[in-house]
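The values are calculated or read from the model by the stated rules, or taken from the named source; none is laboratory data. Since the structure is predicted, the reported quantities are computational estimates derived from the model, not experimental observations. Here the Cβ is made from the backbone with ideal geometry for all residues, glycine too, and neighbour counts use every protein chain on show. Protein only, heavy atoms only, side chains kept; ligands, DNA and RNA dropped before computing areas. Shrake-Rupley method; radii C 1.70, N 1.55, O 1.52, S 1.80 Å.
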Amino acid sequence: MPVGKHPTKEIQEAIEHAVNEGWRIIEPGKSSHAFCRLYCSEKSRKGCKISVWSTPRNSGTHAKQIIRQVDNCSH
């Protein structure tokens with residue numbers, strides 16, 4: 001599903017890194033506080049998922065966490 005660009009540059013770059021690694025972007029539900037959810041290529045329940053927050057407390061740290069989780073995914 002198409003998701004707009006994240007307002008924070010570092011987090012948008014982390015999302016693009018995940019997409020380049022084969023992760024899927026899914027829009028969150030209407031009552032969610034997340035900007036989007038990222039799912040790895042493993043389509044079973046064992047697959048990795050990451051919630052990307054709209055307004056994290058520290059956007060630079062959140063972007064580094066996303067990149068680290070994407071790079072450490074074993075799928």
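How many nm separate the modelled label positions at Asp71 and Lys5, each set 7 Å beyond the Cα in the direction of the Cβ?
Simple spin-label model gives 2.5 nm for this pair.
List the residues whose amide H sits under 5 Å from the amide H of Ser54, counting only those 5 or more places along or on another chain, with H placed 1.01 Å from N in the peptide plane.
Excluding prolines and chain starts, which carry no amide H, the hits are Phe35.
Go ahead and estimate [θ] at 222 nm for the chain from helices alone: -39,500 (n - 2.57) per DSSP H run with n ≥ 4, summed, over the residue count, rounded to 500.
Working: 2 runs with 26 residues, N = 75.
That calculation yields -11000 deg cm²/dmol at 222 nm.
Tally up the carbon and sulfur contribution to the accessible surface of the chain as a whole percent, 1.4 Å probe, everything protein left in place.
47 percent
Mind putting a number on the dipole of the chain about its Cα centre? Charges go on the C-beta only, +1 for Lys and Arg and -1 for Asp and Glu, and I need it in Debye to the nearest 20.
Once rounded to the nearest 20, the dipole reads 300 debye.
Report the extension gain between Glu16 and Ser32 in nm, rounded to one decimal, defined as 0.36 nm multiplied by the number of residues separating them, less their alpha carbon distance.
Result for the pair: 3.6 nm of gain on full extension.
So what are the radius of gyration and Dmax for the Cα set of the chain, in Å?
Taking only Cα atoms of the chain, I get Rg and Dmax of 11.5, 31 Å.
Taking Cα pairs under 8 Å and at least six residues apart, what relative contact order does the chain come out at, in percent? If you can, show how the numbers build up before the last one.
Working: 101 pairs, mean separation 22.6, N = 75.
After rounding, I find 30 percent.
For the chain, which span is the longest to avoid every loop-located (per DSSP) member of GluC sites (Glu not before Pro) having at most 14 other Cβ atoms inside 10 Å?
On the way: sites that count: Glu21, Glu42.
My reading of the result: 43-75 is the longest stretch.
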